[in-house]
Amino acid sequence: MNQLDFSLFDNLIEGIQVLSPRFEYIYVNEAMGLQINCTPQELIGHRVLDKFPGLANTELFIQTNRCMKERTNLEIVQKYKFRDGVEKWFQIKVQPFEDGLLLMSSDITKTKQVEEKLKKKEKAYRKLFEEMQEYFLVQEAVYNDQNEIVDLKLVAINSMAANLVDKTPEELIGRMVTEQLGPLEGSMLEITNRVILNSESVRYEKFMPSLNRWLNIHSYSPQPNQIASLILDITEAKLSELEWEKINQQLDFIVKNRTSELAEALAREQKLSTVKSNFLSMAAHELKTPLSAILLIVSVLDRIAEHGETEDREKYHRYIEEQAKELLRLLDSFVAPFHREIGGGQLAYETFDLFVFLEQICEEFQCLCKEGQQILMQFEGERILEQDKGILRRIIINLLTNAIKYSQKDIVISSNLKHNNLTLRIKDEGMGIPEADQAKVFDPYFRASNSKGIPGTGLGLNIVKMYVEQIGGNISFVSNENEGTTFMVSVLD
């Protein structure tokens, strides 16, 4: 091989090496030296296998040797383990050069590591998708020549949903909804248009005669031209509801034909049954909220994976974990009033850094904030607090969730701690509480007159008051309609 001026390769970020027909290093640039932890001077004039005997039986050397003999090009991705145990991935291009070869290499180790992590997380999310007990499916809109939606094509479905029609997901994916349920029309077409064309999130109940099942459906659009549906089977609840109606009718008949004393007792029983029925309905509704949030975040993560983005994956992963924990916290909240009636539980005092505790809560719940809404923290006084950390967290989370729900603007959490005496304030600039409703705010199941259309059970503030009293504190608030609300919690040592 003639001596050439290789200086044009010196400043390339790709690794460059030029080999003689005997596989001797003729030229190596600095980038190549950094990739394999050698200086160019340590390589030039030496044979490849003398320096790296481990390459002898690799696919890369076999293919490169063939290129040398046959004078052909090659592009290959290869993993190599160095003597110190470090493994690296390289993307290598080989082409004839003079009577030898020129190799251009790029270190793609980090990219490969990211791919492996994404594959593991995708596998985990796929397992969650397949093992969830709810029905879930994603469909894609099919349009006619007038650009009207006339059908839906199934693009994803979990095993639970496929089992409804005694099929496997593989048998159903790619099929049209009209093949299973007939023409897309009426209320189904209306809901489809609202979700896909208007990006609405729609919740509704529907009886499916072909399945003989009552279903509670939450439909939303995860991406353009698609409609995803999370489906809960509420058949048993509906049958129980019908049974309750029959029982209530029978009780009404008995009440009308018995003495006033018996009628009064039966009326109280009927009222209690109605309250319990309403409570169960509201509880089921609230428990769906964090589960729907988990599915939304999974779809976001899938889109992130498709584009190779990794910056926010950990944040969304933590959000999924927090939403799962929220399901447990909701269950605690729903049983709390009954738990108090049977004696409550022992307080679990512990010593912790109040500043770090509040900062973590603010960070976790920032993900739930609306666009442009921020959670701001103001801290005064000492940092170390001895208190039941779990109960204090439930108090703050209930008040913070309400502030996020009923406000569009920033929320301020302020605290003052001195000699283990704690004062907390959570302030929002939301819709506020009408004056006429303020006396009943802490009553169970009570909801303010201006909260219609906003999901809720009416239990939150009642539970907060119970927790505050359990740790020996008191709670109050000031509120003006359309100006906002500030809740104040004081706990004295």
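The values are calculated or read from the model by the stated rules, or taken from the named source; none is laboratory data. Quantities reported herein were computed from a predicted structural model and do not represent experimental measurements. Every residue, glycine as well, gets a Cβ built from its backbone with ideal geometry; the counts of neighbours run over all protein chains shown.
Going by what's in this entry, would ASP151 be described as assigned to a loop (DSSP other than H, G, I, E, B) and under 30 Å from ALA228 (Cα atoms)? In short, no.
Would you confirm, using the coordinates I've provided, whether GLY458 is touching a helix residue (DSSP H, G or I) at 6+ places or on another chain (Cβ under 9 Å) and either more than 30 Å from LEU385 (Cα to Cα) or not assigned by TED's automatic domain parsing to the domain that holds LEU376 (or both)? Taking the combined requirement at face value, the residue satisfies it.
For region 428-458, taking the residues that are of a type in the set (Asp, Glu) and outside any loop (DSSP other than H, G, I, E, B), the one that is surrounded by the most Cβ atoms within 10 Å (Cβ to Cβ) is identified as ASP428. The condition of being β-branched (Val, Ile, Thr), closer than 13 Å to LEU101 by Cα and touching a residue at least 40 places away in the same chain (Cβ under 8 Å) holds for only one of VAL48, VAL18, that being VAL18. For first residues located in region 182-200 and in the same structural domain as LEU152 (by TED's automatic domain parsing), partners that are surrounded by fewer than 16 Cβ atoms within 10 Å (Cβ to Cβ) and part of a helix (DSSP H, G or I) and lie 6+ apart or on another chain with Cβ distances below 8 Å form the pairs LEU184/THR178; MET188/LEU181.
Do we have any residue at all in region 57-67 that's part of a helix (DSSP H, G or I) and more than 20 Å from GLU24 (Cα to Cα)? No, the conditions are met nowhere in region 57-67. State yes or no: is SER20 over 16 Å from VAL94 (Cβ atoms) and either surrounded by 17 or more Cβ atoms within 10 Å (Cβ to Cβ) or of a type in the set (S, T, N, Q) (or both)? It is false that SER20 is over 16 Å from VAL94 (Cβ atoms) and either surrounded by 17 or more Cβ atoms within 10 Å (Cβ to Cβ) or of a type in the set (S, T, N, Q) (or both). Consider ASN398 carefully, then state whether it is over 13 Å from THR485 (Cα atoms) and either out of contact with any Phe, Trp or Tyr (no Cβ under 8 Å at 6 or more places or on another chain) or of a type outside the set (A, V, I, L, M) (or both). So ASN398 passes the test.
A quick yes/no check of all residues on (1) aromatic (Phe, Trp, Tyr); (2) in a helix (DSSP H, G or I); (3) touching a residue at least 24 places away in the same chain (Cβ under 8 Å):
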{"residue": "THR72", "(1), (2), (3)": "no, no, yes"}
{"residue": "GLN78", "(1), (2), (3)": "no, no, no"}
{"residue": "LEU103", "(1), (2), (3)": "no, no, yes"}
{"residue": "LYS110", "(1), (2), (3)": "no, yes, no"}
{"residue": "GLN113", "(1), (2), (3)": "no, yes, no"}
{"residue": "GLU116", "(1), (2), (3)": "no, yes, no"}
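When VAL155, VAL165 are screened for being at pLDDT 85 or above and of a type in the set (Val, Ile, Thr), only VAL155 passes.
Can we say GLN35 is of a type in the set (S, T, N, Q), surrounded by 12 or more Cβ atoms within 10 Å (Cβ to Cβ) and part of a strand (DSSP E or B)? In short, no.
Yes/no matrix, rows are residues, columns are (1) closer than 30 Å to LYS271 by Cβ; (2) of a type in the set (A, V, I, L, M):
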position	(1), (2)
ASP151	no, no
VAL195	no, yes
ASN216	yes, no
SER219	no, no
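Does ILE217 count as surrounded by 11 or more Cβ atoms within 10 Å (Cβ to Cβ), part of a helix (DSSP H, G or I) and either among the small types (Gly, Ala, Ser) or in contact (Cβ under 8 Å) with a residue 12 or more places away in the chain (or both)? The answer is no for ILE217. Every condition in (1) under 30 Å from THR111 (Cα atoms); (2) modelled with pLDDT of 70 or more; (3) exposed (fewer than 12 other Cβ atoms within 10 Å of the Cβ) holds for GLU306 except the one numbered (2). The conditions of being part of a helix (DSSP H, G or I), of a type in the set (Lys, Arg) and free of Cβ contacts under 8 Å to residues at least 24 places away in the same chain are not met by ARG203.
Here's a check for you: in region 66-96, which residue that is surrounded by 16 or more Cβ atoms within 10 Å (Cβ to Cβ) and not aliphatic (A, V, I, L, M) is modelled with the lowest pLDDT? This residue is TYR80.
Remark: pairs (first residue in region 145-173, of a type in the set (S, T, N, Q); second residue part of a helix (DSSP H, G or I); Cβ separation under 8 Å; 6+ apart in sequence or on different chains) = ASN158/PHE129; ASN158/GLU130; ASN158/PRO169; SER159/GLU130; SER159/PRO169; THR168/SER159; THR168/ALA162. Within region 425-451, residues that are farther than 15 Å from ASN480 by Cβ reach partners that are modelled with pLDDT of 95 or more and part of a strand (DSSP E or B) with beta carbons closer than 6 Å, at six or more positions or on different chains, in the pairs ARG425/SER414; ARG425/THR486; ARG425/MET488; ILE426/ILE413; ILE426/PHE487. When region 349-367 is limited to residues that are without any contact (Cβ under 8 Å) to a residue 40 or more places away in the chain and touching a Phe, Trp or Tyr at 6+ places or on another chain (Cβ under 9 Å), the one that is nearest to GLY430 (Cα to Cα) turns out to be GLU359. Just one of the listed residues (GLY484, GLY472) is assigned by TED's automatic domain parsing to the domain that holds GLY432 and surrounded by 20 or more Cβ atoms within 10 Å (Cβ to Cβ), and it is GLY484. Checking region 398-417 against the condition returns no match, with no residue being over 27 Å from LEU492 (Cβ atoms), hydroxyl-bearing (Ser, Thr, Tyr), free of Cβ contacts under 8 Å to residues at least 24 places away in the same chain and surrounded by fewer than 21 Cβ atoms within 10 Å (Cβ to Cβ).
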